[in-house]
Amino acid sequence: MKLPVRQDHGFFLLLAAGVLVFTVAASPASWYLYPLLLALTGIVLYATRTWKDRVFYILCAGQPLVIALSAALVWAGLFAEWMLAGIVLAELGMLSSRNDWLTSAAFCGATLVIAAGIQASNHVLLPLFILTGIIALFAAVRILRDYQFRKQYSGAHP
Amino acid sequence: MRLKRCTQGIALLVILLFACALILDDLAILLAGSTLLAGLFGLWYSFDRRFRQAVVSVRVARSLERAVVRTGTTLRVKTAITLQVPAHMQVSVSEILPSGVVVQDGEINASSGTSALPVTWKFAYRITPVVHGTMQFSGITLVAQDTFFETSIVLSAEPFRGPVLSVQPRGLFEPSGRGSGAGNREIEKMAVLSALGVRSLREYYAGDDLRRVDWKMTAKHNKLFVREYAGIVNLPPLIIVDLPWRGALYPGDEFARMVAAVAGQVEHSTTMNHYSTVLLISGPNILHVIVEEKDLQRSLSELREWMHPVERSAHFYRMTDRSDLRRRIRALEDPSDRTPDPSLEKFLGSLKRQYLTSLEAQQTPAFNSQIGRTFSTLTVDEVYLFSLFTGDASHLHQLIRQAKTMNLRVHVRVPKGLDLVSFPVSTGLLGADTVEAFA
C-alpha cells in the first residue's frame, strides 16, 4: 500500500488528529494533558530517528498518552495504541506486504477483544489473571511445537 | 530463542505496567500493558512462522574431493546451501565439521541480507583430517534474527548431513619387509618417460615397440634394430617449500620473503626450463606436488592457494637416522678418544648402550619413503629447499640425506638472520651443496 507521506509520519498524523478530535469532542477537565503527551511522543519520534533501538523509545514515550486516553475512554486509548503500533511497524518496514497488513489486522482484533474485556471489568485482578492464563497457554503450545520442530530437523524421528 | 535488547526493554515495560496496574487497580494501565504484551506475542508468533519457513526451505548439497583419504591429507569440500530468506529476517549459516578435522582455508559460514530472497551459498574449503576413523559431516547451523528475536537450530537430519569421509591411519614408520621375498621387491614407481634423442641401438626383442625400429640399420644388417632414446637433459630444479606449522609462532616478515623467493624461483624455472616442479611439505607431511607445470600463472595460482601456515598431522622431534647413530657409536669406539677418567668412561659406555638400544629399535620413518618415492617419479638433478627453520628440523635433515643418496644437488635457502652455527640441526645442513639466505 503506497501512502503520500512516510508511513510512520502518516500514523503519527492520524494519532494527532485522533487526539485533537477526542480533546475537542470530549472536552475533558485536563484537556491540555493530551496535546502535551502527544508532543512528547512527537519529540521522541524526531529525536530518536537515528538511534538503534528506536522502537523501544517510541513505545515508552507513547504509553503515557495511551494511559491518559484510556483513563478517559478505553477505545481512545486503544486507538492510540494501534497508531503507536503502526508507527513502530512502519519504522521497521513491516507494513509492506498484504501478509503484513493481515498480521496487523489480527493484532488489532486481539487487542479489541482485550479492550472489550477490560471495559467490562471493574477491577484489574480478574482480567489480569485471565490474560496471564491465555498467554501462558499460548506460550506452552508454541514451546511444545518448537520442540517437536527442532527434534524433527535435528535428526530424531518426530 | 533469545530476546534481543529492544524486546527485553519492552518486556520490562510490560511487567512494570502490570505491577502498577495491580497496585493502583487501574484498568487504563492494564490496557496499555496488555496491548503491549499482545503485540510482543504477535511478533514472536510471526518470527517463529518465518523461521520455520526458512528452515523448511533449506537444501544442502555437499561433495568431497575424495571419500577415502589418509590422515594428514588435505582435500577439498564443496557445499551448496539454498534457502528462502523470509522478509524482515537475517539468516546466517555455518558448516558443522566433524571433530578431528581442521580447516586449512576457505569460508564455512555466510550471512544474508534482510530482503526476502532465495539465496544460494557455495562454500569451497579445504580440510585436513588429523585423526583416523569414519567421519560424517553432521549438517549445518542456521541462525535467524530480526529486530526483536534471535534463534538458532542445528540441522543434522538426513537431508542435511553427509557424506562420510573415511580416514585411514598413516604410520609414522614404514612396516618392515613389505613386499619382499623370493628376490623380488615391491616398488611404487611411475614409468620412465623417454626423450627424443637416441642414446643407443640394440637388437629387437619380442614385445618392443615397433615404432622404435630403426629401419636404416635394419636394412643395412638385415636384422631388426630398435632405438634406445636418451634421457631428458636441461632439467629444471625441484623446488621444495617447507611450510610452517600453524600451531607455532613463525616470523611473518620472513615468511613473506620466503613466499616471494619461491615465486621468483618458480618464475625463473618456468622461463628457463619451460616448466617448474614444486613439492610442498610441512614438517614430515607431504602436502602437494605441482608436477611439471608449464603455465606460470597456474603455478603461481596454486602457490597462492597453498602458501600459508598449515596444520600438521605428524611431527618429528629430534628424529635421528640410523647412519647418525652408527656414526656416533663409531665415534665412541674410537680408541684415540679414550680417557683415563673412569667416571667419564662409564658414562660413555652407558651412552653407547643407549645408542645401540636405539639402533635396534630404529624404524624407517614413512616420510623418508614418501620422499624417496616422490623423488624417483620426478626427473630432477637439483633441489632448492626453502624453509624458515622454525621448530624441529629433523625432517629437513632426512630430506637432504634422501636427496644426496639419489645424487641430487641440494641448495638450501634459509632466512637472512638464521644462525646456522648454533642451530641444533646445522649438521644436517652440511650435506647441502649451498646454504644461502633467500632475502
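The values are calculated or read from the model by the stated rules, or taken from the named source; none is laboratory data. The structure displayed is predicted, hence computed values, not measured ones. Using ideal geometry, Cβ is built from the backbone for each residue, glycine included, and neighbour counts are taken over all protein chains shown. The accessibility values were calculated without ligands, DNA or RNA, using every heavy atom of the protein model including side chains. Shrake-Rupley method; radii C 1.70, N 1.55, O 1.52, S 1.80 Å.
Report the percentage of all Cα-Cα pairs in the range B:236-288 whose separation exceeds 12 Å, rounded to a whole percent.
Value for the range B:236-288 (Cα pairs over 12 Å): 67 percent.
Rounded to the nearest 10 degrees, the inclination of helix A:98-120 to the longest alpha-carbon principal axis of chain A is 70 degrees.
Highest mobility in the GNM of chain B, judged by mean-square fluctuation with C-alpha springs under 10 Å and restricted to B:Gln354, B:Gln370, B:Gln297, is found for B:Gln354. Phi angles of the range B:432-438 translate, via the Karplus equation with coefficients 6.51, -1.76, 1.60 and θ = phi - 60°, into HN-Hα couplings of 6, 6, 9, 10, 9, 7, 8 Hz per residue; Gly and Pro are given as x.
Could you tell me what percent of the accessible area of the protein assembly as shown is made up of carbon and sulfur, with a 1.4 Å probe and every protein chain present? Whole-percent figure for carbon plus sulfur exposure: 60. Restricting attention to chain B, close to 70% of DSSP beta bridges with both partner residues there are antiparallel.
Using C-alpha pairs below 8 Å separated by at least 6 residues, the relative contact order for chain A is 21 percent. Residues B:Ser92, B:Ser343, B:Ser387 ordered from highest to lowest accessible area at a 1.4 Å probe: B:Ser343, B:Ser92, B:Ser387. Report summary: the helix-based calculation at 222 nm, which adds -39500 (n - 2.57) for every DSSP H run with n ≥ 4 and divides by the residues of chain A, gives -27000 deg cm²/dmol. Set the Förster distance to 60 Å, then compute FRET efficiency between B:Asn407 and B:Lys4 from the Cβ-Cβ distance, nearest 0.05. Given R0 = 60 Å and the Cβ-Cβ separation, E is 0.30.
Among B:Leu75, B:Leu296, B:Leu40, the largest mean-square fluctuation in a Gaussian network model of chain B (Cα springs under 10 Å) belongs to B:Leu40.
Computed over the alpha carbons of the range A:8-158, Rg followed by Dmax gives 18.8, 65 Å. Less than 5 angstrom separates the built amide H of B:Val410 from those of B:Val383, B:Asp433, B:Thr434, all sequence-distant by 5 or more or on a different chain.
By a 1.4 Å probe calculation restricted to protein chains, A:Val21 has an accessible surface near 100 Å², given to the nearest 10. Along each principal axis, taking the top coordinate minus the bottom one, the Cα set of the range B:17-137 gives 74, 30, 20 Å in descending order. Put a plus charge on the Cβ of each Lys and Arg, a minus charge on the Cβ of each Asp and Glu, and nothing anywhere else: the dipole of the protein assembly as shown about its Cα centre is then about 1340 debye. P(r) tail for the range B:2-55: Cα pairs beyond 19 Å make up 37% of the total. Taking a span of 24 Å or more along the helix axis (Cα atoms) and a mean Kyte-Doolittle hydropathy of at least 1.0 as the rule, the DSSP H helices of chain B that qualify are B:5-24. With Cα atoms as the point set, the range B:297-376 shows a radius of gyration and Dmax of 20.5, 66 Å.
The long axis of helix A:74-91 is offset from the longest Cα principal axis of chain A by roughly 70 degrees. Only alpha carbons enter this Debye calculation for the range B:57-97, each as an equal point scatterer, and the log10 of I(q)/I(0) it gives at q = 0.21, 0.25, 0.27 Å⁻¹ is -0.78, -0.94, -1.03. Taking 20 Å as the straight-line reach from the Cα of B:Lys404, the lysines in range (excluding those fewer than 8 positions away in the same chain) are B:Lys189.
For chain B, excluding the exposed loop sites themselves (trypsin sites (Lys or Arg not before Pro), DSSP loop, at most 11 other Cβ atoms within 10 Å), the longest remaining stretch covers B:67-177. Shown here is the pair-distance distribution of the protein assembly as shown: with all Cα-Cα distances grouped in 10 Å bins from zero up to the longest one, the shares run 3, 12, 16, 14, 12, 11, 10, 9, 7, 5, 2, 1, 0, 0 percent. Interface between chains B and A: roughly 4000 Å² of accessible area buried, both sides summed (probe 1.4 Å, protein heavy atoms only).
Rounded to the nearest angstrom and listed largest first, the equivalent-ellipsoid semi-axes of chain B from its Cα gyration tensor are 62, 33, 21. Only aspartates and glutamates eight or more places from B:Lys122 in sequence, or on another chain, were considered; those with a Cα closer than 12 Å are B:Glu95, B:Glu107. Within a straight-line Cα-Cα reach of under 18 Å, B:Lys4 can be paired with the following lysines, leaving aside sequence neighbours fewer than 8 residues apart in one chain: A:Lys52.
When DSSP beta bridges are restricted to pairs lying wholly in the protein assembly as shown, around 70% turn out antiparallel. Ligands, DNA and RNA aside, B:Met406 has an accessible area near 70 Å² when probed at 1.4 Å. Label sites at B:Ala67 and B:Tyr125, each approximated as a point 7 angstrom past Cα along Cα to Cβ, lie 2.3 nm apart.
Have a look at B:His288, B:His411, B:His221 and tell me which one the Gaussian network model of chain B (Cα, springs below 10 Å) gives the largest fluctuation. Of B:His288, B:His411, B:His221, the most mobile in the Gaussian network model is B:His221.
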